[in-house]
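See below for the structure under consideration.
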Amino acid sequence: MSIAIEQLTVAFNHKAVIEDLSLVIPQGCFFTLLGPSGCGKTTLLRTIAGFTPAEKGRLLFGNKDVIALPAHQRDIGMVFQDYALFPDRSVFDNVAYGLIARGWSRERLRPAVLAMLDHVELTGLHDRLPAALSGGQRQRVALARALVIKPQLLLMDEPLSNLDTKLRIQMRSSIGKLQKEVGITTIFVTHDQEEELALSDLIGVMNNGKIEQIGSPQDIYQTPRTAFVANFVGGANLMPLPELSSPIGQGYAQVQSPLGPLKAFSHHQLEAHHACLMIRPEDINLSLDTGLQANHLPCRIMGKHYLGSKTHYDIVLPDRTELVVHLSGQGHERYAIGQSLFACFEAENALLVHA
């Protein structure tokens, strides 16, 4: 089932939290809402679920507008951040809850529940209470409960946030595999960038109640439209361009920076005085060669952190602009704090984005 949101506005105490938001989620898509705390992503998820009312707008499940329907009539499954399991009921009864609410008999629901427990790799654990399970197992119970009713839409609100790092990686792989097997349209809320890049077909980056950009993980990371998206997804070095006095078209451009002319690339049309230069830390190299070419800037190393497969360097340019550099490969840890050298980057990796 496809989802279409049209000019949705949600307000609390007459103050809009989400305003005139529109987006389309294709059928079977794993769509992730990504953004900082307070940006409106959980509010949007709860509005789609029917828990939070909308002031205006349309919410289409397929061709049906469900904006006025209560939550229990929207045919959704939901996995909450704390899993919301009944502590005094067995795994079986937790998973069966939605089917019982729909009037299924015990005899009819038993094979469906056991089959779903097999599907989420909880075979033989149906008689246990949630307290006897690990965090990952409780998360699988919550997922099984959401899927056993065969909903048209699956909503997930930061379901991995309570797990340790190793378990998060295991569970996100399981969720991605299961979602593809079932083929259900899924909306996943997170503030974790690795999760959204690993799981998503499409990502919507939210900021202050609005969608800043929608795209594939590759689009969001490699061709961000705004400084916010560039910095929030993966981290970026941002250099303001106060002397950009005329619009920039798509393609290569020479721009004036506080350190002189730089060659950069723009994927989008940019207005004058509303642009900055974005460079990923891994796209900057450090060199001892003299800076006689474009995008070859003198710098000094202010900090250094060895991270195994790479070394994190904090550098400063002559105008006191601070940049982060990640070097990998042989000898990536060879430079020292206090050393003067040059920061180099290719024009195609120096992207012009909306400030």
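Values in this text are rule-based calculations from the coordinates and carry no lab data. Remember, it's a predicted structure, so these values are computed and weren't measured experimentally. Glycine gets a Cβ as well: all are built from the backbone with ideal geometry, and neighbour counts include every protein chain shown.
Some points to look at:
- The chain: most fluctuating residue of 251, 215, 204 per GNM, C-alpha cutoff 10 Å: 251
- Counting charges near residue 140 (Lys, Arg +1; Asp, Glu -1) among other residues having Cβ under 13 Å from its Cβ returns a value of +3.
- For segment 127-143, putting each phi into the Karplus relation 6.51 cos²θ - 1.76 cosθ + 1.60 with θ = phi - 60° gives couplings of 8, 7, 8, x, 5, 8, 9, 6, x, x, 5, 5, 5, 5, 4, 4, 5 Hz, in residue order, rounded to whole numbers and with x for Gly and Pro.
- Taking a Cβ cut-off of under 11 Å around residue 57, the surrounding Lys, Arg, Asp and Glu residues balance to a net charge of -3, with basic ones at +1 and acidic ones at -1.
- Length-normalised contact order for the chain - Cα pairs under 8 Å, 6+ apart - percent: 16
- Whole-number D in µm²/s for segment 125-174 (Stokes-Einstein; Kirkwood sum over Cα pairs; 25 °C, 0.890 mPa s): 207
- Share of pairwise Cα separations in the chain, more than 26 Å, in percent: 59
- Between residue 56 and residue 285, full extension at 0.36 nm per residue minus the direct alpha carbon distance yields a gain of 77.4 nm.
- Whole-Hz couplings from phi, Karplus 6.51/-1.76/1.60, listed for segment 210-224; x for Gly and Pro: 10, 8, 7, 7, 10, x, 5, x, 5, 4, 5, 7, 8, 10, x
- Each part reduced to its alpha carbon centroid, segment 283-338 and segment 84-145 end up 53 Å apart.
- Close Lys pairs in the chain (alpha-carbon distance under 27 Å; sequence gap of 8 or more, or different chains): 22.
- Gyration tensor over alpha-carbon atoms, segment 236-354, equivalent ellipsoid semi-axes in Å: 27, 14, 12
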